[in-house]
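Only one structure is covered here, and it is reproduced in the block below.
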Amino acid sequence: MIEVLAKLGRGPVFLAGEMLECVITFTNPLSASSTSASSEMLAWASAQIHCQFHASESRVALPPSDGSKPDVQAENETVFVPNRGERGQCILSTPPKILFCDLRLDPGESKSYSYCETLPVDGPPSFRGQSVKYVYKLTIGCQRVNSPIKLLRVPFRVLVLHGLKDYQFPQDEAVAPSNPFLEEEEGLKKDSRLADLATELLMVATSRRSLHLYNISNTRGKVGTFCIFKTVYKIGEDVIGTFNFSEGDIPCLQYSVSLQTEESVREEFQRRRGQPVSYSTHARHQEACLHTAQSSFSLPVPLSSTPGFTTDIVSLKWRLHFEFVTSGESAGTCVVRGSQSEAVTWTGVEQIEVDTFSWDLPIKVLPTNPILASYVSQFSSTNSISI
């Protein structure tokens, strides 16, 4: 038996264009003092990154297949097929890299190999929606002589920041700060600069603030005003807004704000014409606000959520969805009745006419530093199998 352990050193979340590094360790777990101790042999091992795409048959109508090979691999076949047995189709893959050939491990011996690959910048982000799924995996295949191929899959998450692939790094390395006492490989240096550039671009895009005021009104008059200072956020930030009902003519009894994503399939791929958009709610705030002059809310954008994106098949957009419940009467008639005695007891009215209406405010949600997103990732940085 040989134990195979794969570990992503920096965590399971990356930006498209970054370098993924995985250390793969092969171990013969038997002790040298064991009576059954013997050397173990592996014929070869290889690794490859691929993105698997799966579409809901009830929502997405894909074009006919081009007759590509099925993803089922015979057990005695020696060809490395990383997406063997996976649902959907492989839409993106990197060239496979051979880790070794003819590896011999004595009892208790271990050998480690480093796999490095740049993630393609033109791929989709990781996404699990109601219509489509984009899933990234690093697959390590290894085989004993005259034995079936065993696959170890390491799932990870990819965030896409638009504009990174169009950026050209300066040729003069003197303009970039460097440490003369450290020797860095060119690929790792560029990867570090790419992450720094992404962090800087995100900071610039999400730090701009300007006052946005919106009048809230229905067919009978003004309800109040809504104020928000920015409409571009990173995942992990809080969306903060305030209401002012003091200048309204129509009393607002209750409001709710939902942070939502809308997932829409492009018209040419819709299963049915006029197919509705799919909505998902990530956070919600509800408050009763009768006789309230001002109110506010704070909705966190989950670090585990997917920033907005667009592919050839689907697009994901973010919005704030508001719902207001207003009184059909003036503010004075909403005051409750009291007794004529000295001790006045106030009670709420039993019935009141109400009107409801909704409003949607589009916002933009961008990725964040992948190291921060790694802290809440559902994926593990370490995966293993025994062969």
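Key figures
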read-out	value
Cα-centre dipole for segment 83-148 with unit charges at Cβ (Lys and Arg positive, Asp and Glu negative), debye to 20	280
Neighbourhood charge, 12 Å Cβ-Cβ cut-off, centred on Ser256 and excluding it, Lys, Arg +1 and Asp, Glu -1	-1
Heavy-atom surface of segment 205-265, accessible at 1.4 Å and reported per residue (Å²)	44
Simple Cβ-charge dipole of segment 203-322, Lys/Arg +1 and Asp/Glu -1, about Cα centre, in debye nearest 20	180
Restraint check, Lys111/Lys133; Lys137/Lys230; Lys7/Lys97; Lys7/Lys234, Cα-Cα greater than 25 Å	Lys111/Lys133; Lys137/Lys230; Lys7/Lys234
Loop chymotrypsin sites (Phe, Trp or Tyr not before Pro), segment 184-286, which have at most 16 other Cβ atoms in a 10 Å radius of their Cβ (DSSP)	Phe229
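The values are calculated or read from the model by the stated rules, or taken from the named source; none is laboratory data. Predicted, not measured: the structure shown is a model, and the values here were computed from it. Cβ: placed from backbone, ideal geometry, glycine included. Neighbour counts: every protein chain shown. Only protein heavy atoms, including side chains, enter the accessible area calculation; ligands, DNA and RNA are left aside. Shrake-Rupley method; radii C 1.70, N 1.55, O 1.52, S 1.80 Å.
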